[in-house]
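The values are calculated or read from the model by the stated rules, or taken from the named source; none is laboratory data. Predicted model only: the values in this text are computed from it and were never measured. Neighbour counts are summed over all protein chains in view; Cβ atoms, including those assigned to glycine, are modelled from backbone coordinates with ideal geometry.
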Amino acid sequence: MRGASQAAVALAVDASASEISRRELGSAPNVSVLALAEHAAALGLKLAINLYPVGGGIRDEAQLRYIHRFLERVSDVFQHEIEAVIPLPGDLRAVDVLLRAPGCVVAVEVITRFSDSQAEVRAARMKARDIGATRLIIVLAATHANRRALEAARPALAGAFDMDSRRVLGALGAGQAPDRDAIIFI
């Protein structure tokens, strides 16, 4: 019944044409899921609903362990926020850790399984940009698989990232921001 008039859909689902119009314009605030499913079925469609997590909670216990290991190495000079929500309307992303010190905002993304370096680095950079960070640190779990993946990606990343974990962690432990973006192992 695709291409059906609103009047035909209204008749099929026992609603008014104006109600169908409001639904299709997204201005029917109290429409039930059942009513939407019936509306979709009348058009020969299947209703699909996706749920997305909103910032404010770590959902990966392994990631949380790495976040705490990282924070143990960071000076108290830095204030930290875990799962810092990106402050853009409708944006559901969050930065794993946000470090703040005078004149410095560091976005920290923790990756337990580094597999698609290009996509993961791009996503982390976009989050850092959108939250207004002056630096980005990508923390990788110190696994053999992650070390191999970083080694394979090193030629493309070395110019943009400090990859000396000891130097970067030493600076953070001394209360100093790294002088450039970094990828480190914990």
Open item on the list: Taking the criterion of being among the basic types (Lys, Arg), without any contact (Cβ under 8 Å) to a residue 24 or more places away in the chain and part of a helix (DSSP H, G or I), would at least one residue in region 99-109 satisfy it?
Closed with: no
Task: Failed criterion for residue 139 (all others in (1) under 20 Å from residue 119 (Cα atoms); (2) touching a residue at least 60 places away in the same chain (Cβ under 8 Å); (3) assigned to a helix (DSSP H, G or I) hold) - done: (3)
Open item on the list: If I filter region 142-161 down to residues being free of Cβ contacts under 8 Å to residues at least 12 places away in the same chain and either in contact with a helix residue (DSSP H, G or I) (Cβ under 6 Å, 6 or more places away or on another chain) or in a helix (DSSP H, G or I) (or both), which single residue comes out as surrounded by the most Cβ atoms within 10 Å (Cβ to Cβ)?
Closed with: 154
Open item on the list: So, in region 162-186, exactly how many residues are among the aromatic types (Phe, Trp, Tyr) and either at pLDDT below 95 or assigned to a helix (DSSP H, G or I) (or both)?
Closed with: 0
TODO: For region 119-136, name all the residues that are of a type outside the set (Lys, Arg) and outside any helix (DSSP H, G or I).
DONE: 132, 133, 134, 136
TODO: Could you check, for region 104-120, whether at least one of its residues is among the basic types (Lys, Arg), farther than 19 Å from residue 60 by Cα and either surrounded by fewer than 16 Cβ atoms within 10 Å (Cβ to Cβ) or under 15 Å from the mean Cα position of the chain (by Cα) (or both)?
DONE: no
- [ ] Would you mind stating whether residue 75 is of a type in the set (Ser, Thr, Tyr), closer than 20 Å to residue 168 by Cβ and touching a helix residue (DSSP H, G or I) at 6+ places or on another chain (Cβ under 9 Å)?
- [x] yes
Task: Selection count, region 72-98, where residues are without any contact (Cβ under 8 Å) to a residue 60 or more places away in the chain, farther than 16 Å from residue 129 by Cα, surrounded by fewer than 16 Cβ atoms within 10 Å (Cβ to Cβ) and not charged (D, E, K, R) - done: 2
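For residue 161, are the conditions met, namely being within 21 Å of the chain's Cα centre (by Cα), of a type outside the set (S, T, N, Q) and farther than 20 Å from residue 122 by Cβ?
Working: within 21 Å of the chain's Cα centre (by Cα): yes; of a type outside the set (S, T, N, Q): yes; farther than 20 Å from residue 122 by Cβ: no.
When the stated conditions are applied, residue 161 does not pass them.
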